[in-house]
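> One structure, pasted below without further comment.
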Amino acid sequence: MFLPQDIHKLKQDLSIQTRLLGHDLTFKSRWGVFSPRAIDEGTELLTRHLEIGKADNCLDLGCGYGAIGLAVARACPDGEVHMVDKDFVCIELANKNAKLNHIDNVYVYLSDGFLSINKNNYFEQIISNVPAKIGREQLSIILYDAFNALKSDGKITFVTINGLRHFIKDNFKSVFGNYKKLKQGKKYTVARAVKK
């Protein structure tokens, strides 16, 4: 139980120092967002298996406070990264973290899935650390929208809890016609499909 004098401190932003995709980054986070004290294991695993081209246009779907999207933006200085989330606190933090890390090739905005993205045949890569409780219906909607948003030969790379790996495999194959498991750890699986 926290005492009243502790609450002011709990309201202050937390700070995370990390290295992702070969770049040192600092993130501000807050209680109430996903993994506020440290980069989570799924994100760590995902970023170890991303291959980002310097001019890629990428989408970080469900960006949280921006760990994946901002690391990707550093890796594609001649491209751009769209970072979306349906939580306005995450959008506020992701924008703050872009400024904090002097990253300006990003567009951070509210979107429930692809509803506010309005891009067809645009992205070389779509990347997401998929929430465990997203629901299969919403995940299906996202995959079909992702197919439309990707350029030909564009890649979608997801990290999910292992309990969703068969669903992702079946649906990547159904929507994209292919599936590749990049890595399965103790808790998470990283998988990729390519738009042919």
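> Write down the percent of antiparallel bridges among all DSSP beta bridges whose residues are both part of the chain, to the nearest 5.
That works out to approximately 50 percent antiparallel.
> May I pose another question? In the structure shown, do any of K11/K183; K28/K133; K11/K169 have a Cα-Cα gap over 29 Å, and if so which?
As for pairs spanning more than 29 Å Cα to Cα, those are K11/K183; K11/K169.
> How high is the relative contact order of the chain, given as a whole-number percent (alpha carbon pairs under 8 Å, six or more residues apart)?
17 percent
> Ok, one more. Which of the aspartates and glutamates could a cross-linker span from K151 if the Cα-Cα distance has to be under 20 Å and same-chain partners fewer than 8 positions apart are dropped?
Those aspartates and glutamates meeting the cut-off are E51, D56, D60, D78, E80, E124.
> Show me the three semi-axes of the equivalent ellipsoid for the chain, from the C-alpha gyration tensor (sqrt of 5 times each eigenvalue), largest first, rounded to whole Å.
Taking √(5λ) for each eigenvalue gives 27, 19, 16 Å, largest first.
> For K183, project a label point 7 Å along Cα to C-beta. Then give me every residue of the range 116-134 with its amide nitrogen under 20 Å of that point.
What the label zone holds, given the 20 Å backbone N cut-off, is 125-132.
Every read-out reported here was derived from the displayed coordinates using simple, explicitly stated rules and does not represent laboratory data. Everything numeric here is computed off the predicted structure, so don't read it as measured data. Here Cβ is always computed from backbone atoms with ideal geometry, including for glycine, and neighbour counts include all displayed protein chains.
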